[in-house]
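Here is the structure we will look at, set down as structure tokens.
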Amino acid sequence: GNSVTQMEGPVTLSEEAFLTINCTYTATGYPSLFWYVQYPGEGLQLLLKATKADDKGSNKGFEATYRKETTSFHLEKGSVQVSDSAVYFCALSDRPGTSGSRLTFGEGTQLTVNP
Amino acid sequence: NAGVTQTPKFQVLKTGQSMTLQCAQDMNHEYMSWYRQDPGMGLRLIHYSVGAGITDQGEVPNGYNVSRSTTEDFPLRLLSAAPSQTSVYFCASSTGTGNTGELFFGEGSRLTVL
């Protein structure tokens, strides 16, 4: 079956530090890949996505590149802010474009950014 | 901009009690789903629906029932609550055919079973 593995957390950084959160996946076919973010007390919201190999998703200074050869979708940001403190989830969609598409999530990585 | 609305936000039950978590969306989405979130385990799919009158099981369906009588509503029923069902529950929806898998989430319902 499909699976998503994220680096273990929690991750604590100082403001303006470089962020990497690793994500690798196992899936058949050609999944779409996503990063979702969950701020304290809220539901998940889409941060960025990539639908095919070598695509780069980006949003709010975050980036991730769909690497089919290494089955990875690592999240990066050059300079984090206190407001980026949240839980980050990597996810894949096994049947994108179909009504039965389902997301498989990683365990989540808690990021805390200190001033 | 209501989006996906879940009620209640918090609930405490005793073992053996039943309850229903409500979920409503106003985006005319075909696809709706329920996830539970537990520490260190990410989100796990409980049940999902691809349209009114159609439901299917996800990864962890035992102890939960769903129905989809309208496009807008997708309630989750706990028939006889157990402490193992203590969790945060999220309802999510998306468009049907042509979507790229993006889900829109509600704010969550925190359930404690004593």
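The values are calculated or read from the model by the stated rules, or taken from the named source; none is laboratory data. Worth saying up front: this structure is predicted, and the values here are computed from it rather than measured. Cβ placement follows ideal geometry from the backbone for every residue including glycine, while neighbour counts extend to all protein chains displayed. Quick note on the areas: whole protein, heavy atoms, side chains included, nothing else; ligands and nucleic acids left out. Shrake-Rupley method; radii C 1.70, N 1.55, O 1.52, S 1.80 Å.
Look at region A:39-54 and say how many of its residues are loosely packed, with under 15 Cβ neighbours inside 10 Å and either in contact (Cβ under 8 Å) with a residue 24 or more places away in the chain or farther than 14 Å from A:Phe89 by Cα (or both).
6
Filtering region B:88-98 down to residues that are on the phi < 0 side of the Ramachandran plot and open to solvent by 10 Å² or more (accessible area, probe 1.4 Å), which residue is modelled with the lowest pLDDT?
Applying the filter and picking the extreme gives B:Thr97.
For region A:66-92, which positions are closer than 20 Å to A:Tyr30 by Cα and either open to solvent by 30 Å² or more (accessible area, probe 1.4 Å) or not hydroxyl-bearing (Ser, Thr, Tyr) (or both)?
Passing the criteria: A:Arg67, A:Lys68, A:Glu69, A:Thr70, A:Thr71, A:Phe73, A:His74, A:Leu75, A:Phe89, A:Cys90, A:Ala91, A:Leu92.
Of the residues A:Glu63, A:Glu76, A:Glu69, only one is at pLDDT below 95 and out of contact with any helix residue (DSSP H, G or I) (no Cβ under 7 Å at 6 or more places or on another chain); which? Full working, then the answer.
Values: A:Glu63 fails: at pLDDT below 95; A:Glu76 fails: at pLDDT below 95.
After ruling out the rest, the residue left standing is A:Glu69.
In this structure, does B:Gln25 turn out to be of a type in the set (S, T, N, Q), open to solvent by less than 10 Å² (accessible area, probe 1.4 Å) and under 24 Å from A:Phe89 (Cα atoms)?
Considered against the rule, which asks whether it is of a type in the set (S, T, N, Q), open to solvent by less than 10 Å² (accessible area, probe 1.4 Å) and under 24 Å from A:Phe89 (Cα atoms), B:Gln25 comes out as yes.
Quick check on region A:93-115: of everything there that is facing chain B (nearest Cβ under 9 Å), more than 18 Å from B:His29 (Cβ to Cβ) and surrounded by fewer than 21 Cβ atoms within 10 Å (Cβ to Cβ), which residue is modelled with the lowest pLDDT?
Residue satisfying both the conditions and the ranking: A:Asp94.
Take the residues in region B:37-59 that are closer than 14 Å to B:Thr86 by Cβ and more than 12 Å from the chain's Cα centre (by Cα), then tell me which one is surrounded by the fewest Cβ atoms within 10 Å (Cβ to Cβ).
Result: B:Pro39.
Considering every residue within region A:59-69, establish whether at least one is of a type in the set (A, V, I, L, M, F, W, C) and more than 10 Å from chain B (Cβ to nearest Cβ). Write out each step before concluding.
Going residue by residue through region A:59-69, those that are of a type in the set (A, V, I, L, M, F, W, C) are A:62, A:64.
The next check asks that each one be more than 10 Å from chain B (Cβ to nearest Cβ); those that pass are A:62, A:64.
For region A:59-69, residues of a type in the set (A, V, I, L, M, F, W, C) and more than 10 Å from chain B (Cβ to nearest Cβ): present.
Take the residues in region A:1-19 that are among the small types (Gly, Ala, Ser) and more than 17 Å from the chain's Cα centre (by Cα); name whichever of them is nearest to A:Leu33 (Cα to Cα).
Among residues in region A:1-19 that are among the small types (Gly, Ala, Ser) and more than 17 Å from the chain's Cα centre (by Cα), the one nearest to A:Leu33 (Cα to Cα) is A:Gly1.
Listed residues A:Phe62, A:Phe34; which is in contact (Cβ under 8 Å) with a residue 60 or more places away in the chain, crowded, with 16+ Cβ neighbours inside 10 Å and either within 9 Å of the chain's Cα centre (by Cα) or farther than 13 Å from A:Thr109 by Cα (or both)?
That would be A:Phe34, the only listed residue that is in contact (Cβ under 8 Å) with a residue 60 or more places away in the chain, crowded, with 16+ Cβ neighbours inside 10 Å and either within 9 Å of the chain's Cα centre (by Cα) or farther than 13 Å from A:Thr109 by Cα (or both).
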